[in-house]
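K.L.:
Below is a structure I'd like to ask you about.
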């Protein structure tokens, strides 16, 4: 920016406050003591209370404020006064919380100190060790301490920050990563007003093992643990209860500058600038801008944001208690406390933002200790005068918070500095008094409390026994009940007061005795300190004399040590040279032996070769070979291996006596595998593998297995007691290697199956060979490789593929078919038959193999599930398309019988095979039981469908009762003499139904018959009643019509009587049949009601002709 006045004018402007200040300050600060202050003050800190009242009395606290001090872990000051919200007249209380502004940085820095103390971070670590993405644009060298000392070079971010960005912490981290530093990190310091919190929040998220942000880490690891009402970002529900922040008026601004002109210098350095650094900081984020007429932190949305550098909210007591726990080493260790008590930036420097140099480090600002020379206090100021202060030397913590914001900050805030000075004045007086007591003893003698006159009581005259008070189970009610048995309440009260006075007197005496001892001990310690100082001087003088006298000896010792080192080096070179000579001698001797190798190696020759090899290997361990020496050793050992392998083959084919000598030599040279290869190719393969077209592959394989067993027995017999441990293991590996080679070369078409029967036979033979191998535990790897040569997965797929293909085609609902049932078969549907056949097939002895038992069981379960799903789809298909009760019954029978057949097959076959493998069958049985329960539920659904479909068929048949009136009205049909055909058909249908379900072995035949009978008869009774009601309604009118149109010709039978007679016969027939069907009494009563209602009585003359005609027709029928 450009200034419009000259340098002298600027100096005059700055000089005015200093000139007028002495004249105006007295007028601006009239002293008015204010008693509207609450809280607690230790009597030793009374001057702090007076200073706090004076702040209010002089009008410097226009709204409200709070101040708390802890000294040596004890609360000594906790004061508050004024208004939390002056507009609403809401008073400031003890638990009132307010915004801490930049003092929040102290809270964030405490979080970092805790993480350092726990080993999550180190101050000297680079940020990219935890947050690799931070290293963009030259920030890769930034350390944790650089951020805490405001040397990170990011006082503002390159990209604009919105409120939504702050709510999404990961978005802010991304903007921090992509920001270009304003200066090279670590080279300069500039106050990071807001970005300080952004960077620390991202660092905590990356370094915390749980990935929490700094707000959550502080809440869970510090605030909740120590019961502190402090948050980073207020809860929105608490925002209305925070203090209302107010900015100083122009009058207060002027008054504060006049009182302390340094404020004007500070503001000038901050805002009268030739660069744009501060403008960029203030404009990003622009929604956090604080002006003389704007206070955004009264907005609940702003104050609830996670801004670790700004938005901590708390009450002073909890903040001061937190700081006290830091200096008392309750939250962090002494090592970490010592580290953060010292600044890291103490040299003079030009601060990039404030211009004024500030002592910084570990996230705090530091000041020189007012009482202890060379020491520092540390803490952090906040906008408007907020301040948190820690003193590790004197164990003091101070917190000052106010909602009436001041013009100055930190030491420029007069209200805070007045309180601060009085605190340290009080501490100075306390420590001076303590020093005096230690040197001179207490001014009152050797007692702390004035003891009253001698006081004693006769305890035997008390109305209670004092031993009751010492009992662990002391109970007031029981004590009073016992005492009231001896005296009244007044006497008990008097005796208790006497006893209490006696106890108090005894305690005073004990305290005075202990205090006297303490004073005497303090005096002794003072004199002892003088003695210790004198001893220390003598010790230091003697130690210096000793050092001077031993200088020559130390020089001699160093020279001796040098000579010893030279001697050791020479000895090492000598030993290396000796080993090299020995190595070359051994190579020469071995070469001489191998120039004319024997056709048959003797025991002596082999022992000699073994000795040379041992000597060769022992010398090779002591020094590093040259390339020529390595080549010479390789050539000699290669020739030796060739001779030994040839001898090994010869010995193995004859008496085997040299094998125990050959194998250790080859093992020592690392070439025992060469002997294995020669034995397989030169001895075993030519001897055992003979091409014979007459023999099948199975016979050839079994012959090889037999020959291998025979060869092993032969070697064991020839070697005798030598056939053990390494020799036995080597020969076993050789034989099994031969078997693997044979299968690879000659049994390839079998191992990858095309003929499943041949594969099964060959694998079974191989399994028998593996099971019979004598040293199976030591050869487990090769035996497993032998078994793995057979592709069991392909075999399993070949065995099941044909069934899967057929069954998948049968599973389509529209493709279902009922197969012809052959004697001995239980299934009606081809699907059920095929699925059970597949399960039986895979578990048959000709298909089953132990290693695929898991696949076989899985196949079984998949088949059962496929059948269950198919049954459900067929049920739905029949219900929608066919509605055939007989097909439903057959489906039920198949579903139940398939489950039973599989369960029986499991008991008879599967369980036995599983027991052979030592497998517990309980889990497999549970699977089948669960499937059985599902089948039972499904069968109940099918029974319901069968009953529904069959009942519908019966109802259609019995609905013909409604057609009876049509058969006799206006037809001149003869009166009925027997029941209708539909009734006979219905009864026959029910009996046929019973026969069918009995044939399918239904478990609830009687219930099923009873249910369909009940449905049919209930339906008939209802229809019959409807017919009768209709006949009665229309009968009288039809009769009158007939009498008018037809001349009377004597007695005749009406149509209505014929109808009633027919229904009577039908109902009577159904009633007689119902008794044999075992229906319920309600059904019988319903039919009997129909019979009674339609019965024709002979006494009634109007219906007598009907009876006579019916009887005549009956007689004619009998004659016929």
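K.L.:
Output the residues belonging to segment 79-100 that are surrounded by fewer than 21 Cβ atoms within 10 Å (Cβ to Cβ) and under 44 Å from the mean Cα position of the chain (by Cα). Break it down into steps so the answer makes sense when it comes.
P.N.:
From segment 79-100, those surrounded by fewer than 21 Cβ atoms within 10 Å (Cβ to Cβ) are 86-91, 93-95; that's our starting set.
Residues satisfying the conditions are 93, 94, 95.
To keep it simple, each residue is scored yes or no on (1) in a helix (DSSP H, G or I); (2) in contact with a strand residue (DSSP E or B) (Cβ under 7 Å, 6 or more places away or on another chain); (3) over 21 Å from residue 797 (Cα atoms); (4) modelled with pLDDT of 85 or more.
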| site | (1), (2), (3), (4) |
| --- | --- |
| 844 | no, no, no, yes |
| 899 | yes, no, yes, yes |
| 910 | yes, no, no, yes |
| 924 | yes, no, yes, yes |
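K.L.:
Could you tell me which residue of segment 983-1001 is nearest to residue 1062 (Cα to Cα), considering only residues that are in contact (Cβ under 8 Å) with a residue 40 or more places away in the chain and either more than 60 Å from the chain's Cα centre (by Cα) or surrounded by 20 or more Cβ atoms within 10 Å (Cβ to Cβ) (or both)?
P.N.:
983
K.L.:
If I ask for residues that are under 55 Å from the mean Cα position of the chain (by Cα) and on the phi < 0 side of the Ramachandran plot, which ones from segment 710-733 would you list?
P.N.:
If the condition is that a residue be under 55 Å from the mean Cα position of the chain (by Cα) and on the phi < 0 side of the Ramachandran plot, then 724, 726, 727, 728, 729, 730, 731, 732, 733 are the ones that fit.
K.L.:
Still on this model: Yes or no: residue 209 within 18 Å of residue 352 (Cα to Cα) and either in the same structural domain as residue 104 (by TED's automatic domain parsing) or in a helix (DSSP H, G or I) (or both)? Walk me through it before giving the result.
P.N.:
Details: within 18 Å of residue 352 (Cα to Cα): no; either in the same structural domain as residue 104 (by TED's automatic domain parsing) or in a helix (DSSP H, G or I) (or both): yes.
Criteria not met by residue 209.
K.L.:
Here's another thing I want to ask about it. Restricted to segment 50-78, and to residues that are under 18 Å from residue 413 (Cα atoms) and free of Cβ contacts under 8 Å to residues at least 60 places away in the same chain, which residue is surrounded by the most Cβ atoms within 10 Å (Cβ to Cβ)?
P.N.:
56
K.L.:
Out of all the residues in segment 943-952, is one or more farther than 28 Å from residue 1004 by Cα and not assigned by TED's automatic domain parsing to the domain that holds residue 1013?
P.N.:
Pass one, segment 943-952, residues farther than 28 Å from residue 1004 by Cα: none.
No.
K.L.:
Can you list the strands (runs of 3 or more DSSP E) found entirely within segment 319-423 that contain at least 2 residues being within 21 Å of residue 200 (Cβ to Cβ)? Steps first, please.
P.N.:
Numbers: elements: 364-368, 376-381, 387-391, 396-402.
Strands (runs of 3 or more DSSP E) meeting the threshold: 364-368, 376-381, 387-391.
K.L.:
Moving to a separate point now. Run residue 688 past the list (1) under 17 Å from residue 612 (Cα atoms); (2) buried (at least 17 other Cβ atoms within 10 Å of the Cβ); (3) without any contact (Cβ under 8 Å) to a residue 60 or more places away in the chain and report the number of the one that doesn't hold.
P.N.:
So the condition that residue 688 fails would be (1).
K.L.:
In segment 602-625, how many residues are in contact with a helix residue (DSSP H, G or I) (Cβ under 8 Å, 6 or more places away or on another chain) and more than 16 Å from residue 668 (Cβ to Cβ)? Let's see the steps before the verdict.
P.N.:
Step one: of segment 602-625, the residues in contact with a helix residue (DSSP H, G or I) (Cβ under 8 Å, 6 or more places away or on another chain) are 603, 605-610, 612-617, 619-620, 622-623, 625.
With more than 16 Å from residue 668 (Cβ to Cβ) added as a condition, the list becomes 603, 605, 622-623, 625.
Number of matching residues: 5.
K.L.:
From the list 840, 881, which residue is assigned by TED's automatic domain parsing to the domain that holds residue 796, in a helix (DSSP H, G or I), at pLDDT below 85 and surrounded by fewer than 17 Cβ atoms within 10 Å (Cβ to Cβ)? Reasoning before the result, please.
P.N.:
Working: 840 fails: at pLDDT below 85.
Result of the check over 840, 881: 881.
K.L.:
Tally time: how many residues in segment 857-876 are surrounded by fewer than 18 Cβ atoms within 10 Å (Cβ to Cβ) and under 20 Å from residue 910 (Cα atoms)? Break it down into steps so the answer makes sense when it comes.
P.N.:
Taking segment 857-876 as the starting set, the residues that turn out to be surrounded by fewer than 18 Cβ atoms within 10 Å (Cβ to Cβ) are 858, 861-862, 865, 868-869, 872-873, 876.
Checking the rest, the ones that are also under 20 Å from residue 910 (Cα atoms) come to 858, 861-862, 865.
Count: 4.
K.L.:
If I go through segment 699-710 residue by residue, how many of them are within 18 Å of residue 760 (Cα to Cα) and crowded, with 18+ Cβ neighbours inside 10 Å? Walk me through it before giving the result.
P.N.:
We begin by selecting, within segment 699-710, every residue within 18 Å of residue 760 (Cα to Cα); these are 699-705.
Keeping just the survivors that are crowded, with 18+ Cβ neighbours inside 10 Å gives 700-702, 704-705.
The qualifying residues number 5.
K.L.:
Take the conditions within 30 Å of residue 1009 (Cβ to Cβ), in a helix (DSSP H, G or I) and at pLDDT 90 or above and apply them to residue 892. Does it pass? Before you say what the answer is, go through the steps one by one.
P.N.:
On the way: within 30 Å of residue 1009 (Cβ to Cβ): yes; in a helix (DSSP H, G or I): yes; at pLDDT 90 or above: no.
Criteria not met by residue 892.
K.L.:
Scan (1) farther than 24 Å from residue 1062 by Cα; (2) touching a helix residue (DSSP H, G or I) at 6+ places or on another chain (Cβ under 9 Å) for the single condition residue 959 breaks and write down its number.
P.N.:
(1)
K.L.:
To continue, here is another question. Go through segment 366-394 and give me each residue that's surrounded by fewer than 24 Cβ atoms within 10 Å (Cβ to Cβ) and within 42 Å of the chain's Cα centre (by Cα). Steps first, answer last, please.
P.N.:
So the first thing to find is which residues in segment 366-394 are surrounded by fewer than 24 Cβ atoms within 10 Å (Cβ to Cβ), and the list is 366-376, 379, 383, 392-394.
Of everything in segment 366-394, those that are surrounded by fewer than 24 Cβ atoms within 10 Å (Cβ to Cβ) and within 42 Å of the chain's Cα centre (by Cα) turn out to be 379, 392.
Yes/no matrix, rows are residues, columns are (1) modelled with pLDDT of 95 or more; (2) in a strand (DSSP E or B):
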residue: 38; (1), (2): no, yes
residue: 46; (1), (2): no, no
residue: 56; (1), (2): no, no
residue: 70; (1), (2): yes, yes
residue: 77; (1), (2): yes, yes
residue: 82; (1), (2): no, yes
residue: 94; (1), (2): no, no
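K.L.:
In addition: From the list 532, 525, which one is out of contact with any helix residue (DSSP H, G or I) (no Cβ under 6 Å at 6 or more places or on another chain), in a helix (DSSP H, G or I) and either modelled with pLDDT under 80 or at positive phi (or both)? Explain how you work it out, then say what you get.
P.N.:
Numbers: 532 fails: either modelled with pLDDT under 80 or at positive phi (or both).
Of the residues listed, the single one that is out of contact with any helix residue (DSSP H, G or I) (no Cβ under 6 Å at 6 or more places or on another chain), in a helix (DSSP H, G or I) and either modelled with pLDDT under 80 or at positive phi (or both) is 525.
K.L.:
May I pose another question? Return yes or no: is residue 632 over 19 Å from residue 714 (Cβ atoms) and crowded, with 17+ Cβ neighbours inside 10 Å? Talk me through it step by step, then tell me what you get.
P.N.:
Values: over 19 Å from residue 714 (Cβ atoms): yes; crowded, with 17+ Cβ neighbours inside 10 Å: yes.
Answer is yes for this residue.
Results for (1) surrounded by fewer than 19 Cβ atoms within 10 Å (Cβ to Cβ); (2) modelled with pLDDT under 70; (3) within 25 Å of residue 1010 (Cβ to Cβ), shown as yes or no for each residue.
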| residue | (1), (2), (3) |
| --- | --- |
| 1041 | yes, yes, no |
| 1044 | yes, yes, no |
| 1060 | no, no, no |
| 1064 | no, no, no |
| 1067 | no, no, yes |
| 1086 | no, no, yes |
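K.L.:
Find the residue count for segment 143-168, including only residues that are in a helix (DSSP H, G or I) and under 23 Å from residue 123 (Cα atoms). Walk me through how you get there before you give the answer.
P.N.:
To start, the set of residues in segment 143-168 that are in a helix (DSSP H, G or I) comprises 144-148, 163-167.
Okay, now just the ones that are also under 23 Å from residue 123 (Cα atoms), so 144-148.
So the answer is 5.
K.L.:
Does any residue of segment 699-715 turn out to be more than 24 Å from residue 668 (Cα to Cα), touching a helix residue (DSSP H, G or I) at 6+ places or on another chain (Cβ under 7 Å), in contact (Cβ under 8 Å) with a residue 12 or more places away in the chain and not in a helix (DSSP H, G or I)?
P.N.:
Checked segment 699-715: no residue is more than 24 Å from residue 668 (Cα to Cα), touching a helix residue (DSSP H, G or I) at 6+ places or on another chain (Cβ under 7 Å), in contact (Cβ under 8 Å) with a residue 12 or more places away in the chain and not in a helix (DSSP H, G or I).
K.L.:
Which one of the conditions (1) crowded, with 16+ Cβ neighbours inside 10 Å; (2) modelled with pLDDT of 85 or more does residue 937 fail to meet, given that it meets all the rest?
P.N.:
(1)
K.L.:
Taking the residues in segment 967-981 that are modelled with pLDDT of 80 or more and surrounded by fewer than 18 Cβ atoms within 10 Å (Cβ to Cβ) as candidates, determine which candidate is nearest to the chain's Cα centre (by Cα). Show your work before the answer.
P.N.:
Our first condition is that a residue be modelled with pLDDT of 80 or more; within segment 967-981, this holds for 975-976, 978-981.
With surrounded by fewer than 18 Cβ atoms within 10 Å (Cβ to Cβ) added as a condition, the list becomes 978, 981.
Details: 978: 82, 981: 76 Å.
The qualifying residue nearest to the chain's Cα centre (by Cα) is 981.
The values are calculated or read from the model by the stated rules, or taken from the named source; none is laboratory data. Computed from a predicted structure; not experimentally measured. Here the Cβ is made from the backbone with ideal geometry for all residues, glycine too, and neighbour counts use every protein chain on show.
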